[in-house]
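Below: the structure, in structure tokens.
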Amino acid sequence: MNKWLRKSLFVIISILTFGLVTPTQLMNSVNAETPVDQDVLEVPTSETNYVHLESYIEEDSDFDREEFVDELVKQAEEQSYQKFGSKIKPVIENEFRDIILPKIDLAIAETAAQFPQEDLKNLTITEQPGAGMSEKIFNVKNRVTGKDILRFHVRRDHPPHAGYWFNFHYHTCFDHFQVHHELGSIYWDKNIPPKWMS
């Protein structure tokens, strides 16, 4: 089989099966002229809660740790803006981008540095931020184990006579999510802020 065709087949199978079937298994199955189990090749139909970054993990030789972390941060920024909604985002977007986002980037990069490449490839950002009064912005999870690695939150603070503030922080699995790791606070107004995602 042509080299480019073989590579293309490898990439397509990896993406469609989310790594559940390796092309080697498929090729062995086809070469042995045994029918391939249709359940194995079936693409999951239920919506997943994770943003998959297959374009960065197609082949080991193409994997770039820095690009992968940059993509995680980009997805984190998108999830944050989705949580803010159309009422809160225009008010705090610039401060968030200047003050909080660089610290999110640093937290993700420091955490990613603790993982070997094969484990780092499994990290992903959850797609659905918490609405209403929920603190959850997004989580960084291991998509294989389903366990959270980082949890990024925003809490509404209302100190006496100081208006409303949005306190950004995160928790890590390394301290069993017990410690608040501060990212910073952004002032809202003296009036009660709207609910998230409104």
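The values are calculated or read from the model by the stated rules, or taken from the named source; none is laboratory data. The structure displayed is predicted, hence computed values, not measured ones. Virtual Cβ from ideal backbone geometry, glycine too; neighbours counted across all protein chains shown. For accessibility, only protein heavy atoms count, side chains too; no ligands or nucleic acids. Shrake-Rupley method; radii C 1.70, N 1.55, O 1.52, S 1.80 Å.
Residue pairs, Cβ under 6 Å, 6 or more apart or interchain, first in the stretch 169-198 and free of Cβ contacts under 8 Å to residues at least 24 places away in the same chain, second part of a strand (DSSP E or B) and exposed (fewer than 12 other Cβ atoms within 10 Å of the Cβ). List them.
Going by the 6 Å Cβ cut-off, the qualifying pairs are HIS169/GLU182.
So is VAL144 over 26 Å from LYS89 (Cα atoms) and aliphatic (A, V, I, L, M) or not?
In short, yes.
Taking into account only those residues within the stretch 88-112 that are acidic (Asp, Glu) and within 17 Å of THR172 (Cα to Cα), which is farthest from the chain's Cα centre (by Cα)?
GLU110
What number goes with the only condition from (1) closer than 23 Å to HIS169 by Cβ; (2) at pLDDT below 95; (3) over 14 Å from the mean Cα position of the chain (by Cα) that ASP64 does not pass?
(1)
Identify the single condition in (1) in contact with a helix residue (DSSP H, G or I) (Cβ under 7 Å, 6 or more places away or on another chain); (2) under 21 Å from GLU95 (Cα atoms) that SER185 does not satisfy, given that it satisfies every other one.
Evaluating SER185 over (1) in contact with a helix residue (DSSP H, G or I) (Cβ under 7 Å, 6 or more places away or on another chain); (2) under 21 Å from GLU95 (Cα atoms) leaves (1) as the failure.
Scanning the stretch 72-87 for residues that are more than 20 Å from GLU182 (Cβ to Cβ) and more than 11 Å from the chain's Cα centre (by Cα), which turns out most open to solvent (accessible area, probe 1.4 Å)? Spell out the reasoning first.
Here is the first cut: in the stretch 72-87, the ones more than 20 Å from GLU182 (Cβ to Cβ) are 72, 74-75, 78, 81-82, 85-87.
If we keep only those that are more than 11 Å from the chain's Cα centre (by Cα) as well, we get 81-82, 85-87.
On the way: TYR81: 34, GLN82: 76, GLY85: 13, SER86: 94, LYS87: 122 Å².
Among them, the one singled out is LYS87.
So, in the stretch 151-167, how many residues would count as being under 27 Å from LYS121 (Cβ atoms) and in contact with a Leu (Cβ under 9 Å, 6 or more places away or on another chain)?
1
Under 7 Å between Cβ atoms, which residue pairs at least 6 apart in sequence (or on different chains) link something in the stretch 84-111 that is under 16 Å from LYS74 (Cβ atoms) with a partner that is charged (D, E, K, R) and open to solvent by less than 80 Å² (accessible area, probe 1.4 Å)?
Correct list of pairs: LEU101/GLU77.
Here is a yes/no grid of residues against (1) modelled with pLDDT of 90 or more; (2) in contact with a His (Cβ under 6 Å, 6 or more places away or on another chain); (3) hydroxyl-bearing (Ser, Thr, Tyr):
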| residue | (1), (2), (3) |
| --- | --- |
| LEU101 | yes, no, no |
| ASP105 | yes, no, no |
| ILE108 | yes, no, no |
| GLU118 | no, no, no |
| MET133 | yes, no, no |
| ARG151 | yes, yes, no |
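Is it true that PHE68 is touching a Ser or Thr at 6+ places or on another chain (Cβ under 9 Å) and open to solvent by less than 10 Å² (accessible area, probe 1.4 Å)?
For PHE68, the condition - touching a Ser or Thr at 6+ places or on another chain (Cβ under 9 Å) and open to solvent by less than 10 Å² (accessible area, probe 1.4 Å) - is not met.
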